[in-house]
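The values are calculated or read from the model by the stated rules, or taken from the named source; none is laboratory data. If you're wondering where the values come from, they're calculated on a predicted model, not measured in any experiment. Note that each Cβ is placed from the backbone with ideal geometry, even for glycine, and that neighbours are counted across all protein chains shown.
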Amino acid sequence: MPPSLRVAALVGLLPSVVLAANVTTPNPGTTYGTWDGWGTSLAWWANAFGGGSSATTLANLFFTTETVTFDGVSLPGLGLNIVRYNAGACSFNADPDGDTMVESPDIPSIKQMAAFWTNWESTDPTTSDWTWTVDANQRNMLSLAVQRGAIAELFSNSPVWWMLYNLNPSGSNDGSSDNLESWNYDQHAIYLANIAQKAKESWGVTFTSVEAFNEPSATYWVGTDGTQEGCHFDVSTMSSVIGYLSTELSSRGLTSTIISASDEETYDLATSTLSQYTSAALSKIGRINVHGYEYGGGRRDTLYSAVKAAGKKLWNSEYGESDATGLSLASNLMLDLYWLHNTAWVYWQVLDVEGWGLITADINSATTSGVAQKYFVLAQFTRHIRPGMTILSSGQANTAVAYDASSKLLAIVAINNAASSQVLEFSLSEFATPGTSGALVSRWETQMVSGGIQYEEFSDTFLSGSTFSATFPANTIMTFEVSNVVL
Ligand SMILES: *[C@@H]1O[C@H](CO)[C@@H](O)[C@H](O)[C@H]1NC(C)=O
C-alpha cells in the first residue's frame, strides 16, 4: 500500500481518489560512462542521396542541431555525430583469371556497393588494381558528416566478391558456410586497412573504428536469393581476421583506429560470440558492436556484464524497424539505456521505406515522401543527450538521464508507452544541488502516434523544491532540461 493511502487508512478516512505519485528518482552515484553519441549507417541511402545539392540539406538535417528546411518544412536537426561508412564488395570487371562477380538475382543495383579493390594482383592501393573514384555519393555524405563534427566507423557487409568461394557478395550458397576463402583472410584485412589509410590521407577522415563483419553468425546471407551484401563467418574465422586486421592497421600507422566486433543481429548472439573469441582476438578488439534486432527480447544485462568484464566499450551499432510512430524505437532504446548501457546508438537507414525511414524514401528512384513521427521521437533523445555527457542511473526503466558537468545541465527523457495518460514525477533529491526551486524546467513533447504533436517546446514546468512533474498523455515522450544541477 502506498504511504499516502496508509495514512488515510490509519485515520479512518478513505478519500474517493488518492493517487500515489509515480516518482522517478535518478541516482547520480551510479553512472554508466560517457555518451559517445548517436548515428546512422550510410550505405544505401547515401548511395542514393549523397550527391548533389540535396546532400548538403540532408547532412545539415542529420548531422547538425540547426533548424533545417526540408521539402518546405522546418525541422529540428537531429545532431547525429556518428556515421558508419560501408566498404563495398561489388565490381563488374573480370579478375586476372577471367572470373566475374556472381550476382544474386534479387539484389537491387542501389545496394551493390562499389568495391575499391577490383583486381587481386596487387595489394598496393596506388596501383591500377585499386579504383578510388567509385562510391562518390557515399564518400560525399561521409565527408559532409565529418565536416559537421561526426566520428566515423568503417564497416563491411561482405568481403570483395573475388575473395569469396562462390564469388557472390550476397553470401554463400547455403548461408551457413563461411564464404571468405581461407587464403583471403589477410586480403579482407588489407582491403579495410587500405581504405582507412586512404581516407586518412585523401578524404580528411580518420576512422575511429573498423568493423570487418556484419551479423556474421547469421545463416540468412544466401547468395542465390540475397537482397543485399552479406557474409557468414564462423567465430574462429572472425578471430583470425581480427588478428590480421590488427596487424594491417598498425603497419599503416593507424594506431588511433580501434577494431570493433562483431555486429551480431541480437544481444544473445553477441554474448555467445564474445565468449568464443580466442584470447588473442579479444585482446585486439576495442569495442563490442551489437545490433538491436531482438527489440523487447534478449538479455541486454548479460551482454553488458560480459562486455564490462572483458573491459570493452559497447555500442548498439544498428537498429531499425517498421513502426513509423516511433513508439517501438523509444521503448527499445529505453531498454538499451536501462539494461545494456551502450554508450552510442546508431540507426540503420535514416532514409528508407515507409515505417523504417525517419524520412520515408525510395532509394531506387531517389525520391522522398514525408517525415515520419519517428524522426521527432528520436530528436527527443539526440538533441538533449549529447556526446560527452555522463549517463546516470535513471531509477526507472522508462527514463534516461544524462548530465553535462561543464554547463551543470541535467537532461531527462521519459516515456509513457501506456494507452492512458499518466502523471510522472521526477525527484532530484539525490543530487548535491537539485537545481533552483521555482526555476523553469524546459520541456519538449512528441506523441508517438501518427498525427500527434512533434517535438514541441513548452515553458510550463517548474522545480518545486527538488521535484517536478508532468502529465504524459498516452504514448508520449518528453524531454526535460534542468539547469544548475550539481551531482
Ligand atoms: C510508473 O510509470 C512508469 C512509466 O509508465 C511505469 O513503467 C511504472 O510501472 C510506473 N510505476 C508504478 C509504481 O506505477
- Query: Is it fair to say V210 is surrounded by 24 or more Cβ atoms within 10 Å (Cβ to Cβ), closer than 18 Å to N86 by Cβ and not hydroxyl-bearing (S, T, Y)?
  - Reply: yes
- In the set E354, E425, E321, which member is in contact with a helix residue (DSSP H, G or I) (Cβ under 7 Å, 6 or more places away or on another chain), among the acidic types (D, E) and surrounded by fewer than 18 Cβ atoms within 10 Å (Cβ to Cβ)? E321
- Among the residues of the range 381-398, write down those that are more than 19 Å from the chain's Cα centre (by Cα) and not aliphatic (A, V, I, L, M). S393, S394, G395, Q396, N398
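Looking for something touching an Asp or Glu at 6+ places or on another chain (Cβ under 9 Å) and in a helix (DSSP H, G or I) - is there at least one such residue anywhere in the range 380-393? Step through it out loud before you land on a result.
Within the range 380-393, the first condition is being touching an Asp or Glu at 6+ places or on another chain (Cβ under 9 Å), and the residues that meet it are 380, 384, 386-390.
This time we only want the ones that are in a helix (DSSP H, G or I), so: 380.
Yes: the range 380-393 contains one or more residues that are touching an Asp or Glu at 6+ places or on another chain (Cβ under 9 Å) and in a helix (DSSP H, G or I).
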- Item | Inter-residue pairs, beta-carbon under 7 Å, first closer than 14 Å to W117 by Cα and in the range 184-208, second charged (D, E, K, R) and part of a helix (DSSP H, G or I), 6+ apart | A189/E248; I190/E248; A193/E248
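Somewhere in the range 343-360, is a residue modelled with pLDDT of 95 or more, over 30 Å from E264 (Cβ atoms) and either of a type in the set (G, A, S) or within 16 Å of the ligand (Cβ to nearest atom) (or both)? Can you show your working first?
So in the range 343-360, the residues modelled with pLDDT of 95 or more come out as 343-360.
From the residues that got through so far, the ones that are over 30 Å from E264 (Cβ atoms) too are none.
The answer is no; no qualifying residue exists.
I want to confirm something. Restricting to the range 394-414 and keeping residues that are within 16 Å of the ligand (Cβ to nearest atom) and in a loop (DSSP other than H, G, I, E, B), which single residue is surrounded by the most Cβ atoms within 10 Å (Cβ to Cβ)?
Step one: filter the range 394-414 for residues within 16 Å of the ligand (Cβ to nearest atom), giving 394-401, 412-414.
Retained after the next criterion (residues that are in a loop (DSSP other than H, G, I, E, B)): 394-398.
Numbers: S394: 24, G395: 17, Q396: 18, A397: 14, N398: 22.
Selected residue: S394.
Can you tell me which of G52, G39 is away from the ligand (no atom under 16 Å from the Cβ), within 30 Å of L351 (Cβ to Cβ), surrounded by 14 or more Cβ atoms within 10 Å (Cβ to Cβ) and modelled with pLDDT of 55 or more? Write out each step before concluding.
On the way: G52 fails: surrounded by 14 or more Cβ atoms within 10 Å (Cβ to Cβ).
Matching residue, one of G52, G39: G39.
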- Task: Could you pull out every one of the helices (runs of 4 or more DSSP H) wholly within the range 227-297 that has 1 or more residues that are over 23 Å from I151 (Cα atoms) and of a type in the set (D, E)?
- Result: 267-276
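If I ask for residues that are over 12 Å from P473 (Cα atoms) and either within 16 Å of the ligand (Cβ to nearest atom) or assigned to a strand (DSSP E or B) (or both), which ones from the range 415-449 would you list?
Filtering the range 415-449 for residues over 12 Å from P473 (Cα atoms) gives 425-444.
Correct list: E425, F426, S427, T433, P434, L440, V441, S442, R443, W444.
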